[in-house]
Every structure is written in structure tokens, then in C-alpha cells.
Amino acid sequence: MLFRARSGSFLTFAVAGLMTGVWVSRMPALADKFGANESEIGIVVLVWGLGAITAMQALRGVMARAGSRATLRVALPLTALSYAVVALAPTYGVLLGAVVVFGMTFGVTDIAMNAQGTAVERAYKRPIMSGMHAGWCTGAMSGGLLGVVTAAVGLGFTTTILAAALLTLPASLALGRTYLPEPPVSAATGTGRGSHRLPAAVYLIGALCFIAFMTEGAIADWSGLLLHDGMGASEAFAAAGLPTFELAMLLGRIFGDRVRTRLGTRRMLAGAGVGTAIGMSIVVLAPVPAVAIAGFFVTGVMVCTVVPTTISLAGTAAPDRPAAAVAQVGAIGYGGLLLGPVVVGFLSDATSLRLGVGTVVVLALLIAAGARFVPLREVADVAALDVPARADEGDTRPEPSAA
């Protein structure tokens, strides 16, 4: 039961990542289809993000009442269907409307799958959220590869996105059988005045998630330009920056839960912040592009655990309303994902690309500084998230049954 739920959550993250990976990798094809310039494509990305954030905030209470299992069973298939509508949009105006709907369904899916991940984590009684987010990296990399292959064989935007939608829709329906129901207290909302308010701790956790997403967004959008325009790398070599970063994120998330169990939550977050600052310092100060690529790898390994950990903490910060807390932290984080590239772009125009991207160093140090203030609670049977296991004792908690 638990193993099936964990596998289902992992695959749900992978499905969502796959749709994102194909979507991002075929952006040039989208521009070709509609004859859109960079500003118009920027508007497409912006309305997608705004749709996601709006849905996260507006439906926070609904999801808290329904629970993540019921929400995912509806939201994930709807995301695949809206993905198909994006593929079939005949005009740029219709495309924007379809992208808004896609962003909204994707936003609900995002918070629901993270809430389901926290439910599975509580059932396991140990950190497993980084492993869930490794599913996202796996899907995103697979989607990017699918985008490369379809582009190489000459398939257009419509055909590629529609094929991905037809692939993910049946998978979305099948995964609905694997999800865990949350305990009654988790799926219910309180009644009476003030019951809609979340603890202040949720917003502190959201601030760290915001910073981590700003970092990831800045690297995703500006790594290629930094390597090509700022360091003189060829276009092919510059394109390797983001895949290197994503591969490092995947590898780090595979082992992230073990590191968290061993070091404790606060120590891991502090180390991730310092390590990210070191990695990005290597990038900014790199004398040649190859050294910068190595810096992106270090950055990916270090920053990769921050977002999964903040989502995990959100589920425990409001034990009576974990879905609503995850939704709030997710919405705050997405704000950073949208704002980060904009801030870097503004500073790059005012100074240089190196200095603009160098703001990530400061952001990473803020993560390290904020780690000591992260509230930790042993609730919902998640055991000792900030008590590192002693080397001579190990983790004596029994492994959950996979039955």
C-alpha cells in the first residue's frame, strides 16, 4: 500500500515534469508556429505562471476540504487535457487563453501532488520528499529529450505537444488509484472565524521556497546567455549549462532524503545555502566556460534539496491543514520563479551578466541565514526531522511495509 502510494507520487511528479520539459524545449517551435517574437513568448510564459499562482491561492481552501487524493484525480487529467488544447490553439489570442487554463490546472496539480507527497512522507515517518522531486527532474529531462528528438525529426509544436498530452492523459487516470487518503484532520478545514488563517511559520517557510525558486529560475533562464554572451562559449556548449544543472539536481535529490536524515533539516538547509553560494561564485568568477559548467553542477547538487524540504516543512507547520499550507508555500515559491529571471535581467542590463547572475550568491546566503529560524514540529508521525542520526546508532526506525 505505502510502496504503491510512494511510486504513484513519484510518477505523478514525473508526469508533471514531462509536460513541462516538452513545453520548454519546444518554445522555439511555438514561436515559429505563431510568428511570435521574444516579447510575445515572454507573455505566454508570464500568463502561464500567473494562472498557476492564481489557482493555487484561489483553490487553497477547496483543496484543503477535498484532500490531495480527490484533487489529484481531477486536476492531473485536466492538466493533460488543457495541454492538448494548448497544442491545438489556432491563433495567438486563443493560445493565451489556453495557456491560462493550462497554468491553472497545472498549479492545482502542483500543490496537490506536493500535498500527497507530504501525506506519504508522514505515513513513512521519515523524509522522502527529495526523492519525490527527483521524479520531477526525471520527467523534465525525459521531456526535454523528447523535445529534442521531435525537433530533430521535423515534428512541429502542435504534433509534439498533442502527442505528449495523449501520452500523459491515460497515465494520469491510472495514477489516481495509487494515492493515499489523508487522515480526516488533514483533509478538513476548521470552522469559525480565523480558521482560514495559516500559521506565520508557513510564510517563513514560503520565503525560503521563494528564494530557492528565484535561484532555479535565474539559472534556467540566464545560464545559456551567460556562457554564450558573457564568456564566449559556442551555442552548443552554452546549451549544456541547463542540462548539467538539471542532472545535478536529479542526483542530489536522489540522495537528499538520506542527507536530511543524517544531518537534520536546519543543518542541511544551511549547508545547501552555503554550497549554492560557493557553486555560483565559481560560475561568476569562471575564467573559461568549462569551469562555469562545473560551477552549475555544484550549484545544482547543493540547491536541489531546498524546495522539497520547504514543501515537507509546510505540511508539518499546519498539521490540521497541510494541503492549504503546501498551496500557500507553493504559490509564494512560484512568485520567486517568475521574479528571479526578471531581477537578474534588470541587474544585467544595469551592470553585466556576471554581476546579474551573481545575485544568486546573495540569495543562497539568505537561505543559509534563514535556515536557523525554520520552525520544526514533530507532527503527523514524521519523526525527528532535525535530529541527525548518530553514527554509532543509525536509523533504528523500522522500514514501512510495502504491502
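Just a few scattered comments:
- Restricting GLY256, GLY252, GLY330, GLY273 to those that are open to solvent by less than 10 Å² (accessible area, probe 1.4 Å), assigned to a helix (DSSP H, G or I) and touching a Ser or Thr at 6+ places or on another chain (Cβ under 8 Å) reduces the list to GLY256.
- Subset of the range 287-327 [of a type in the set (A, V, I, L, M, F, W, C), closer than 16 Å to LEU242 by Cβ and open to solvent by less than 10 Å² (accessible area, probe 1.4 Å)]: ALA292, PHE296, VAL303, CYS304
- So GLY93, is it among the small types (Gly, Ala, Ser) and open to solvent by 40 Å² or more (accessible area, probe 1.4 Å): yes
- Just one residue in the set ILE211, ILE205, ILE254, ILE219 is at pLDDT below 85 and under 23 Å from MET268 (Cα atoms); that residue is ILE219.
- So ASP229, is it in contact with a Ser or Thr (Cβ under 6 Å, 6 or more places away or on another chain), at pLDDT below 95 and not aromatic (Phe, Trp, Tyr): no
Conditions (1) charged (D, E, K, R); (2) at pLDDT 95 or above; (3) open to solvent by 50 Å² or more (accessible area, probe 1.4 Å), marked per residue:
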{"position": "GLY42", "(1), (2), (3)": "no, no, no"}
{"position": "ARG69", "(1), (2), (3)": "yes, no, yes"}
{"position": "ALA80", "(1), (2), (3)": "no, yes, no"}
{"position": "GLY107", "(1), (2), (3)": "no, no, no"}
{"position": "LYS125", "(1), (2), (3)": "yes, no, yes"}
{"position": "HIS133", "(1), (2), (3)": "no, no, no"}
{"position": "GLY144", "(1), (2), (3)": "no, no, no"}
{"position": "VAL149", "(1), (2), (3)": "no, no, yes"}
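- Some residue of the range 337-348 being modelled with pLDDT of 85 or more, closer than 30 Å to GLY51 by Cβ, open to solvent by less than 20 Å² (accessible area, probe 1.4 Å) and assigned to a helix (DSSP H, G or I): no
The values are calculated or read from the model by the stated rules, or taken from the named source; none is laboratory data. Just so it is clear, the structure is predicted and the values come from calculations on it, not from any experiment. Cβ sites come from the backbone with ideal geometry, for glycine too, and all protein chains shown count toward neighbours. With ligands, DNA and RNA removed, areas are computed over all heavy atoms of the protein, side chains included. Shrake-Rupley method; radii C 1.70, N 1.55, O 1.52, S 1.80 Å.
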